Amino acid sequence: MTQPQNRRAFLAGFTAASVILAFSPSARAWLSEPEAAADAVPLPPLDGQLLFAPDDLGAAADDFGHILHHTPFAVLLPGSIADIRRIVRFAHAHRIPIGGMSMIGNTHSVYGQSQVEAGIVINMASLAAIHEIDEDCALVDAGVRWVDLLAATTPLGKSPPALTDHIDLSIGGTLSVGGIGGQAFRHGMLVDNVLELEVVTAQGRLVACSPTRHPALFHAALGGIGQFGIITRARVRLVDVPGMVRRYTALYSALVDMMADQEMLMDDGRFDYVEGFALPAEGGGWMYQIEAAKYYAPGQPPDDAALTGDLGFAPSTLTAEDLTHFDFANRIAPLVAFLKSIGAWELPHPWIDTFVPGSQAASFIQSVLDQTTADDMGGGPILIYPFKRAAVTAPFVALPDEPTVYLFSLLRTAPPPAVPDLLAKNRAIYETLRDLGGKRYVASGVPFTSADWQDHFGAAWPAFVHLKHRFDPRRVLTPGPAIFD
Ligand SMILES: Cc1cc2nc3c(=O)[nH]c(=O)nc-3n(C[C@H](O)[C@H](O)[C@H](O)COP(=O)(O)OP(=O)(O)OC[C@H]3O[C@@H](n4cnc5c(N)ncnc54)[C@H](O)[C@@H]3O)c2cc1C
């Protein structure tokens, strides 16, 4: 949502570094000197801070994608949940013409999902306390990262049942999009493992919700792309995990052979984690790598032959590695550190993540790979793995209507000049997939119109609109995905 006229009014009369103290409803202007307007309304007192410095605004106008840049008017570093309510209420009460409000979890969005032109971005990282860890759940602030929660639960022999591949992501941000990883075939997505939420609605109400208490808001907020409220706390499930993990990889020359084995493993449940990748083959084209993991107690390693003996990979390519559960869950961290050290983290990431109907997966994935070169990927991985549709229950996580669904992701790294072409490719891939009954993952970078969003939510669209009207009637929350433009 871009409001250039309002933006000019905000910025009139002060530099971005000025300290804003008040708002004038008649002039529709922010003031660094409250006496400048007779009707100046002072900003509410805050436990935290409202930031206006160019560096803070610039950081909030960027994300991991480094493709879109929408500069907010201010960034709220809340010192308390009350601060979020104060600012939301202030904006609401004075009909402040902000571009909207958005939340930054850890800014791993790739296509402006957490940005808001001329609005207020709430940086949830300043609310990151782990409040309780119980036998089967933990109560955490939305700004907590999964890696921090896991570090706290590991000494107790516990873990969230499902985790993303990269766990340096915020709990609020991942719960707003879904959160998928190699345990999805058994445990669903991260959103399927939440017991309660606390959510601040666009009217500034703090609502504790669960499947039985204010269920409409609970189900809407999970996978709701920040449209219905600001998730401030979550009570997430924990399960007991043995301390060790044996991680296997092996290569296949044919995609269909890897997929057949992945589906067998998903059905018989012999592993705790199943994923797969397409890797550049020597001489061009692709080969396929399965990745499966078995959890085990120290001193009781799994039987390799029993786990892998009947699989169809090339036997000489099998590898097995033993890791602690924490190091397995955090296995991407060394790669991330390396990518940061060579500057690749700062390059654009025109990612596309898709959910492919199982019946179409082999032919669709193969046809996309046939048209994808290693150069298109810039060294980024291609993910391919199945999960069961029935394991995902969040109503606004749009998925194909088939029992088996594949995650298929092209996680590209690209030099800036290549971005328009790769976004066009993402769009073409999406359109083919859509016509086959597939869906995009909302965390990815696919140019989307409001009509696309309606199509994306399909039969759930009327409920989406109804709940938006109920919890955010002025449509100020999270304009980045442009669902209601
Ligand atoms: C290296 C990398 C690896 C990844 N691996 C995976 C993976 O394995 N599986 C997977 O599912 N995803 C993965 N992702 C995608 C990731 O889950 C999403 O980008 C997710 O949104 C990231 O969370 P974040 O904390 O960075 O959220 P942000 O990008 O900051 O926010 C995401 C969206 O949620 C909104 N939001 C943020 N916090 C809140 C809140 N508290 N309340 C309401 N709305 C909020 C934002 O406004 C925005 O619209 C990966 C991303 C990267 C960059």
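The values are calculated or read from the model by the stated rules, or taken from the named source; none is laboratory data. None of the values given here were measured: they were computed from a predicted structure. Don't worry about glycine lacking a Cβ; one is built from the backbone with ideal geometry, like all the others, and counts go over all protein chains shown. The protein model used for the area step is the full one, side chains on, heavy atoms only, and it has no ligands, DNA or RNA in it. Shrake-Rupley method; radii C 1.70, N 1.55, O 1.52, S 1.80 Å.
Could you give the size of the charge dipole of the chain about its Cα centre, using +1 on the Cβ of each K and R and -1 on the Cβ of each D and E, expressed in debye and rounded to the nearest 20?
My answer is approximately 1680 debye.
Could you order W30, W461 so the one with the most accessible surface comes first? Probe is 1.4 Å. Numbers along the way, then the final one.
Values: W30 5, W461 40 Å².
Putting W30, W461 in descending order of accessible area: W461, W30.
Counting Lys and Arg as +1 and Asp and Glu as -1 over every other residue whose Cβ lies under 13 Å from the Cβ of I171, the net charge comes to -1. Calculate how steeply helix 461-471 sits against the longest principal axis of the alpha-carbon atoms of the chain, using the helix alpha-carbon long axis, and give the answer as 0 to 90 degrees to the nearest 10. Here the helix axis deviates by roughly 40 degrees. Projecting the Cα atoms of I231, N193, M244 onto the charge dipole of region 190-308 (Cβ charges, centred on the Cα centre) puts I231 farthest toward the positive pole. Compared with the direct C-alpha span, the chain from T449 to H131 gains 110.5 nm at full extension, assuming 0.36 nm per residue. With 0.36 nm allotted per residue and the present C-alpha distance subtracted, the D322-E346 stretch has 5.5 nm of extension available.
A quarter of the convex hull surface defined by the alpha-carbon atoms of region 357-485 gives 8.7 nm² as the mean projection.
For the residue pairs K388/K468; K158/K439; K439/K468; K158/K388; K388/K439, the C-alpha atoms sit more than 26 angstrom apart in K388/K468; K158/K439. Helix 81-93 and the longest principal axis of the C-alpha atoms of the chain enclose an angle of approximately 50°.
For a Förster distance of 41 Å, can you work out the FRET efficiency between the beta-carbons of T393 and E282, rounded to the nearest 0.05?
Numbers: r = 43 Å, r/R0 = 1.05.
So, using R0 = 41 Å, E works out to roughly 0.45.
Distant-in-sequence amide contacts of V41, defined by a placed amide H-H separation under 5 Å and a gap of 5 or more residues or a different chain, comprise F23, S24. Over all alpha-carbon pairs in the chain, figure out the percentage whose distance exceeds 45 Å. Percent of Cα pairs beyond 45 Å in the chain: 13. Is the shape of region 105-153 rounded, prolate or oblate, going by the alpha carbon gyration tensor and its root eigenvalues a ≥ b ≥ c, with a/c under 1.5 for rounded and a/b larger than b/c for prolate? It is prolate, given that a/c is not under 1.5 and a/b is the larger ratio.
Remark: the Cα gyration tensor places region 165-237 in the prolate category, a/c being 1.5 or greater and a/b exceeding b/c.
When the helices of the chain are scored as -39500 (n - 2.57) per DSSP H run of n ≥ 4 and the total is divided over every residue, the value at 222 nm lands at -8000 deg cm²/dmol. Rounded if a/c is under 1.5, else prolate if a/b is larger than b/c, else oblate: which is region 283-347, with a ≥ b ≥ c the root eigenvalues of its Cα gyration tensor? Oblate is the answer for region 283-347, as a/c is 1.5 or above yet b/c matches or exceeds a/b. Ranking of E33, E275, E117, E135 by solvent-accessible surface, largest first: E135, E33, E117, E275 (1.4 Å probe, protein heavy atoms only, all chains present).
Relative protection proxy for 331-338, 376-383, from highest mean packing down: 376-383, 331-338 (other beta-carbon atoms within 10 angstrom).
Within 10 Å, count the other beta carbons around each residue, average over each peptide in 385-391, 437-443, and list them highest first. Walk me through the intermediate numbers first.
On the way: 385-391: 20.1, 437-443: 21.7.
The peptides rank, most packed first, as 437-443, 385-391.
For L335 and R89, the FRET efficiency from 1/(1 + (r/R0)^6), where r spans their Cβ atoms and R0 equals 56 Å, is about 0.85.
Label zone (Q366, point 7 Å along Cα-to-C-beta; backbone nitrogen cut-off 18 Å) within region 221-258: 252-258. Taking 7 Å steps out from each Cα toward its Cβ at D303 and D435 produces label points 5.0 nm apart.
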